[in-house]
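For reference, the structure discussed in these notes is given below.
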């Protein structure tokens, strides 16, 4: 599991945010586009592409994309 | 004849209270629908509380006929969002779910739950087989959300994609989504 690929998959769940804004240290909940819909899309993407079941509480325990990546990796 | 919900319909589910919209809700609905970001993919709304009240009053006639229902969702007595089930056709077991709009900044669970509750009403209360709806082509986030619920694209025109969501697909995916929302 590669961080760069995870960031790309994460970014694909957004429509208006520039790709350059998605970095390991991006605090994703602070993105203008962040809302319930991308949140559900990210959880669904993680389930489908990484076979890891996370929920919104798990997600709330992370701030950055790197932290979310680490969490997914730890559950694989 | 379509099954009818009572005028004082009230449901408490997943910590949300669901009722039919009343004239008193006009200001809240207008606030949502006229927000440039929230309402960008909805039909244009007249920017007047009185006109919205008149619209709701007229809408009650359709609710009284069992054709359409306009729901408002409240958390701890504060309104958080609305959506509609309309064009209910119990003979062909189909209706349209739409006009879904929620306040900004809600916890992730809440806005998704308003969609889940609407579909639960559609499939459980009215025993329908599918939801037939359209989404503006530019409204990509909502398209993704419906696909996660199992909707299938059945067509398109210049403005919209057209979808159907069958109850079997909905309930299959709903279970997974409820887990993602960490709803007990």
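Select from the stretch B:98-117 the residues that are more than 9 Å from chain A (Cβ to nearest Cβ) and without any contact (Cβ under 8 Å) to a residue 60 or more places away in the chain and list them in ascending order. B:98, B:99, B:100, B:115, listed by residue number. Filtered by the rule that a residue be in contact (Cβ under 8 Å) with a residue 40 or more places away in the chain, assigned to a helix (DSSP H, G or I) and buried (at least 19 other Cβ atoms within 10 Å of the Cβ), the stretch B:118-146 gives B:118, B:119, B:121, B:123. Each residue in the stretch A:10-23 was checked for being surrounded by 15 or more Cβ atoms within 10 Å (Cβ to Cβ) and in a helix (DSSP H, G or I), and 2 pass.
The set of residues in the stretch A:2-23 that are more than 14 Å from chain B (Cβ to nearest Cβ), touching a residue at least 24 places away in the same chain (Cβ under 8 Å) and within 10 Å of the chain's Cα centre (by Cα) comprises A:6, A:7, A:22. Count of the stretch B:75-117 residues, restricted to those that are in contact with a helix residue (DSSP H, G or I) (Cβ under 8 Å, 6 or more places away or on another chain) and in a helix (DSSP H, G or I), is 7. Summed over the stretch B:148-172, the residues that are closer than 17 Å to residue A:40 by Cα, crowded, with 16+ Cβ neighbours inside 10 Å and more than 9 Å from chain A (Cβ to nearest Cβ) give a count of 4. Screening B:184, B:93 for residues that are without any contact (Cβ under 8 Å) to a residue 60 or more places away in the chain and within 12 Å of chain A (Cβ to nearest Cβ) leaves exactly one candidate, B:184. With respect to residue B:72, is the statement that it is closer than 23 Å to residue B:134 by Cα and in a helix (DSSP H, G or I) true? For residue B:72, the condition - closer than 23 Å to residue B:134 by Cα and in a helix (DSSP H, G or I) - is not met. Could we say that residue B:51 is more than 28 Å from residue B:124 (Cα to Cα) and part of a loop (DSSP other than H, G, I, E, B) here? So residue B:51 fails the test.
One line per residue, one yes/no per condition, for (1) assigned to a helix (DSSP H, G or I); (2) within 12 Å of chain B (Cβ to nearest Cβ):
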| site | (1), (2) |
| --- | --- |
| A:25 | no, no |
| A:33 | no, yes |
| A:38 | yes, yes |
| A:42 | yes, yes |
| A:46 | yes, yes |
| A:52 | no, yes |
| A:57 | yes, yes |
| A:62 | no, no |
| A:68 | yes, no |
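Every number here is computed from the coordinates shown, using simple stated rules; none is lab data. Please read all numbers here as calculations on a predicted model, not as lab measurements. Glycine gets a Cβ as well: all are built from the backbone with ideal geometry, and neighbour counts include every protein chain shown.
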